[in-house]
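Report on the structure given below.
The values are calculated or read from the model by the stated rules, or taken from the named source; none is laboratory data. These numbers come from a predicted model, not from an experiment. Neighbour counts are summed over all protein chains in view; Cβ atoms, including those assigned to glycine, are modelled from backbone coordinates with ideal geometry. All accessible areas refer to the heavy atoms of the entire protein, side chains included, with ligands and DNA or RNA removed. Shrake-Rupley method; radii C 1.70, N 1.55, O 1.52, S 1.80 Å.
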Amino acid sequence: MRVLAEGLPQWRRRPLLVPVPSWKRRGNPLPALVCRQLVHQLGYRHDALLERSRPVLGQHHLKRAMRLANQEGAFHCRRGPRPGEATGRPVLIVDDILTSGATGCNAALALETLGWPVVGMLCLARTPGGRSRRRP
């Protein structure tokens, strides 16, 4: 977690971390765990502003265009910022892995629609582009 924290820029106000909620009943705990650690280590804020507005398909077998369609409209933001809450405060979406960007883009859209200034996304892993998965 220290390596992730060291790679973050220094903002004038501490960022607000928003974990991506899982679409599964027994969801992925990693986004919330990353948020809690950064809150503990760096004093960032954390708020579960996103919720799923509908179920989606598992994306591991989908190509990019299908991932984008699958995630379209999949998030709802619970509330907009209170007066002064978002002014100068960067918002970072937190997820476990970045593949096509479909989840992050749709999560950002839901937040930005209600006035949250999303500046980026934190993730633990990224799927390299341009490589095919070959099985032995």
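Rundown of residues vs (1) open to solvent by 90 Å² or more (accessible area, probe 1.4 Å); (2) at pLDDT 90 or above; (3) on the phi > 0 side of the Ramachandran plot, yes/no style:
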| position | (1), (2), (3) |
| --- | --- |
| R2 | yes, no, no |
| C35 | no, yes, no |
| V56 | no, no, no |
| C77 | no, yes, no |
| G80 | no, yes, no |
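Applying the selection to segment 93-117, what residues are under 10 Å from the mean Cα position of the chain (by Cα), in contact (Cβ under 8 Å) with a residue 40 or more places away in the chain and open to solvent by less than 30 Å² (accessible area, probe 1.4 Å)?
I93, V94, D95, T103, G104, A107
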Near pairs, Cβ below 6 angstrom, 6+ apart or cross-chain, from segment 24-35 (charged (D, E, K, R)) to any residue that is modelled with pLDDT under 85 and open to solvent by 40 Å² or more (accessible area, probe 1.4 Å): none
